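Here is the structure we will look at.
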Amino acid sequence: MKKTRILLIAAMILSVGMQVEAKKVNLKYQLKAGDEFKYEVSMSQESAQEVMGQSQSSTTATTTTLNFKVLEVTATGDMNMKAALVALTLTGTSPAGEMKFNSVTDTVVPEFAKMSSLGLNQYYSFTLSPLGKITDLKAPDGFVEKLDKLIAEQGAATMGMGAIAGSAAGPEGFQKSLEGIFLPFPEGGAEVKKPWIVETKINQLVPMKVNSKYELMNSNKETNELKGTSQITVDPDAPPMEIQGMKMNFELVGAREGKVMLDAVTGLINTVEGTTSMSGNISIEGPQLPTPMSIPMTVRMTEKISKK
């Protein structure tokens, strides 16, 4: 009889443990009209490539500060918001030289920073759902026309760091920036170590597909900790990039790992830390080259996001 009671108690303990483990955490965004907050996003990149037997390397770093305001919350919980880039720093070194720009201290904007700085204090409007879906993104009146004009004026000079940072100023790039800050949550909540999958596209000079897996690692009354892992590939349906009559095909693959700390009440990110590594080849062909050229390339990026 005593042995039977022990087995029964053990079974009850195991049952309770399984129920606790399977308990879902209701991840969602819960903001109020009038809420205002800022995020600082820092990204650094190191790239190396081999051209005609010579190794070339470059480094870039960008820090952006975005300001958010909640205008209203609808009966369904959707949040109508606006956001703008309010500060920007760019630094970089390459075989072509050194680049530096700080929107807070510099009075003259260099050519490479003109596209990205054009978006300073330009407020986009958008709607954020409780599960992190971003819709109805609208650029400020006349802004897209100004950006298109500047791109046409700069032409090939838009390549490099200026193009990468400047691409975030347009509506598509700005939405991708928002999607990096407002993560998508699964319907019905998340269980500890039960992943959900999110597929997205990004454009870092070339379109890339990102297959991300998020897992809830720990949860308490104050914070929720997520682990994120991603597989990154160049979109196979994307046409080759054309520069001065030459066609460039990027054959790159990579992976990203990161840790996300969320506020358990608002759903907002407190901090993000992530690293991305990519490698592959760039194939170039055109009338200027006697034979097609293949350039091995490696890229490593680190990312930090923090709520201010």
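Things to note:
- Aspartates and glutamates whose Cα lies under 12 Å from that of residue 193, excluding same-chain neighbours fewer than 8 positions away: 21, 215, 225
- Using alpha-carbon coordinates, inclination of helix 171-181 to the longest axis of the chain, degrees: 40 degrees
- Compared with the rule-of-thumb size 2.2 N^0.38 Å for a compact globular protein, segment 234-285 has a Cα radius of gyration ratio of 1.81.
- Inter-part distance where segment 35-50 and segment 173-251 are each reduced to a Cα centre, Å: 15 Å
- Full-stretch length increase - residue 187, residue 56 - with 0.36 nm per residue and alpha-carbon distance subtracted: 42.5 nm
- Each Lys and Arg Cβ is given +1 and each Asp and Glu Cβ -1; about its Cα centre, segment 26-307 then shows a dipole of about 480 debye.
- In the chain, Cα pairs under 8 Å separated by at least six residues give a relative contact order of 17 percent.
- Average Cα contact separation per residue, segment 254-308, under 8 Å, 6 or more apart, as relative contact order %: 35 percent
- Pair-distance profile P(r), taking every C-alpha pair of segment 26-307, with 10 angstrom steps and integer %: 6, 26, 34, 23, 9, 2, 0
- Note on residue 69: aspartates and glutamates with a C-alpha under 13 Å away, same-chain residues under 8 apart excluded, are 35, 36.
- CD proxy at 222 nm, helix term only [per DSSP H run n ≥ 4: -39500 (n - 2.57); per residue of the chain; nearest 500]: -5500 deg cm²/dmol
- Trypsin sites (Lys or Arg not before Pro) within segment 174-211, DSSP loop, no more than 15 other Cβ atoms inside 10 Å: 193
Readers should treat all values here as calculations from the given coordinates under stated rules, not as data from a laboratory. Just so you know, these numbers come straight off a predicted model, no measurement behind them. Glycine also receives a Cβ, built like all others from the backbone with ideal geometry; neighbour counts cover every protein chain displayed.
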